[in-house]
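Below you'll find the structure, written out as C-alpha cells, and then a few comments.
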Amino acid sequence: MVTKFVPLPDDSGGKQRSLAIARRLAERTDLVLCAYDDGSADIGGLEKLGVEVRAVPWRPGLVAAGRGLARTRSISAGRFWSPALAGEVRRAAAAGPLDLLQVEYSQMAPYAHGVAAATRVLDLHNVESELAASYARARRPPWSVPFHLEAAALRALERRALAAFDTVVVVSQRERLRLPGRAGSVVVCPNGIDMPEALPDATTATVCFVATMGWAPNTDAALWLGRDIWPRVLHRLPGARLLLVGRDPTPAVRALASESIEVSGTVADVRPYLARSRVTVAPLRSGGGTRLKLLEALGVGRPVVATSIGVDGLEDLVGRGVVVADDSAGIADALVGLLKDPEAAADMGRAGHDAVAAEHSWDGALAPLLEAVSR
C-alpha cells in the first residue's frame, strides 16, 4: 500500500480513510505500507495492527518540488514525488510476488510505474483535476490561470493512471461522473466512520466548524463563515459563539478570533469542542470528495448545516441530520433556527446519528473495495 503520509495518528480525513483501508487489508494479508513520515508518525501503532511500515521523512522544498514536477508533470503530484520513497516501494515489491498494489490518491500513482502486481487498485479520495478546476472557478484572471493549468495537468495524470490500474475507487457516484474517460472497473466506496458514542445535548448556543484550516477550501469556508455569515447570526443572537477547530489555521483565519469567535488551532481531540456545540457547520464553496468531519459530527449527535458542496457525496443524509443552504442568509437562518430551538437541534442530531450508524460505517463503506480485492 502506498499513501501520502503514515496514517497514524489519524488526524485528517485522508489519514482516516487510509487507516481504515490498511486495517482491513492487514486483517486479510501481509501488508507493507510505504509513506512519508510528517514528523508525527506512529509507526509502532501500525505495527501493532500487523502492518509493516517503510517510511521516509517528509522534506518539502522548492528543489524537491521542481524535480517532482519534471517527473510527474503536475505541481501537486510533484510535491509528493521522492526518489527515496520510490526506492522503498521498489524494494518492498522486490521482496516477493505482490497479490495487491493499493495506491491512495492520484498524486501517488506515479509510484506504481514498473511495479508488477496481480491486482492494482487506485483509491482517488478526490478527483483532483476537478478540485483544481473548482479553485480556478473561484478566482478571476490572472489568479485563476495557474489553477486552470494544474487542472489540465492533473486530468492528463489521471488519464494515464486510470488506464494503468485494474480497479479505481471513488467516494461518490458524483465523483465517478467527474472521472476522465477510462477503461476498467470503477467502484464507489464512500467515506465512513467507526461509530463513536453520542454526546449529551449541548447547553449553549454554540456553532462548531471542524476542518484542516490550512487546506484552501476550508480556509475559504472559514473566512466566509467568519466575515459574512457569522455577523448575521450575531445580529439576531448576540450571545452565540463560534468555534473554528482544526490544525494549521492561516493568519487570515487566526485573525477572525474575537469575543464571539474562538480559533483553536491543533487539538488532540475534537470531542470536547463538539460537546460544547449545539450545531456544526460545513460552509464549503469548493472542494471534492466526501466530508468525514460531517460524519463525525453526526456520529456524536450534532446536526449539520452545510452547503451543497459541503454535503457532496452524502446527499442521503439531507433531512436526516443535515440541512442544506448555499448562501450567507440561508446558512445564517438555519443556524439561528437550530440555536434557538435546542429540542429541534437534539432531535435532528439523533436522527443523523442513527442514519450514520445504519449506513455509513467503515465496514459497509469499504465492502465494494474488499470484494473487488478478494475476487
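The values are calculated or read from the model by the stated rules, or taken from the named source; none is laboratory data. Not measured: the values here are computed from a predicted model. Heads up, the Cβs are rebuilt from the backbone with ideal geometry, glycines too, and the neighbour counts pull from every protein chain shown. For the accessible areas, the whole protein counts, side chains as well, though only heavy atoms, and no ligand, DNA or RNA atoms are used. Shrake-Rupley method; radii C 1.70, N 1.55, O 1.52, S 1.80 Å.
So, in segment 187-221, of the ones that are touching a helix residue (DSSP H, G or I) at 6+ places or on another chain (Cβ under 8 Å) and of a type in the set (Gly, Ala, Ser), which residue ends up farthest from residue 260 (Cα to Cα)? The residue in question is 192. Within segment 85-140, the residues that satisfy the criterion of being in a helix (DSSP H, G or I), small (Gly, Ala, Ser) and exposed (fewer than 15 other Cβ atoms within 10 Å of the Cβ) are 87, 94.
Considered as a group, the residues in segment 252-268 that are of a type outside the set (A, V, I, L, M) and under 24 Å from the mean Cα position of the chain (by Cα) include one that is most open to solvent (accessible area, probe 1.4 Å), and that residue is 254. Scanning segment 170-186 for residues that are open to solvent by less than 20 Å² (accessible area, probe 1.4 Å) and touching a Lys or Arg at 6+ places or on another chain (Cβ under 6 Å), we see that the one that is nearest to residue 315 (Cα to Cα) is 170.
If you go through segment 318-340 one residue at a time, do you hit one that is free of Cβ contacts under 8 Å to residues at least 24 places away in the same chain, small (Gly, Ala, Ser), more than 23 Å from residue 189 (Cα to Cα) and not in a helix (DSSP H, G or I)? Yes.
Taking the conditions (1) at pLDDT 95 or above; (2) more than 24 Å from the chain's Cα centre (by Cα); (3) of a type outside the set (D, E, K, R) in turn, residue 58 satisfies each one other than (2).
Within segment 163-180, residues that are within 24 Å of residue 117 (Cα to Cα) and modelled with pLDDT of 85 or more sit with their Cβ atoms under 8 Å from residues that are in a loop (DSSP other than H, G, I, E, B) and charged (D, E, K, R), at 6+ positions apart or across chains, in these pairs: 163/182; 168/182. With respect to the conditions (1) more than 22 Å from the chain's Cα centre (by Cα); (2) crowded, with 20+ Cβ neighbours inside 10 Å, residue 189 lacks only one, and its number is (1). Against the numbered list (1) within 20 Å of residue 126 (Cβ to Cβ); (2) part of a helix (DSSP H, G or I); (3) not aliphatic (A, V, I, L, M), residue 313 comes up short only at (2). If the condition is being farther than 22 Å from residue 312 by Cβ and outside any loop (DSSP other than H, G, I, E, B), then segment 193-225 contributes only 206. If only residues of segment 141-191 that are assigned to a loop (DSSP other than H, G, I, E, B) and of a type in the set (A, V, I, L, M, F, W, C) are counted, the one that is nearest to residue 291 (Cα to Cα) is 171. For residue 205, the criteria (1) open to solvent by less than 30 Å² (accessible area, probe 1.4 Å); (2) in contact (Cβ under 8 Å) with a residue 40 or more places away in the chain; (3) closer than 26 Å to residue 128 by Cβ hold in every case but one, which is (3). Annotation: of all residues in segment 215-251 being at pLDDT below 95 and among the acidic types (Asp, Glu), the one that is surrounded by the most Cβ atoms within 10 Å (Cβ to Cβ) is 220.
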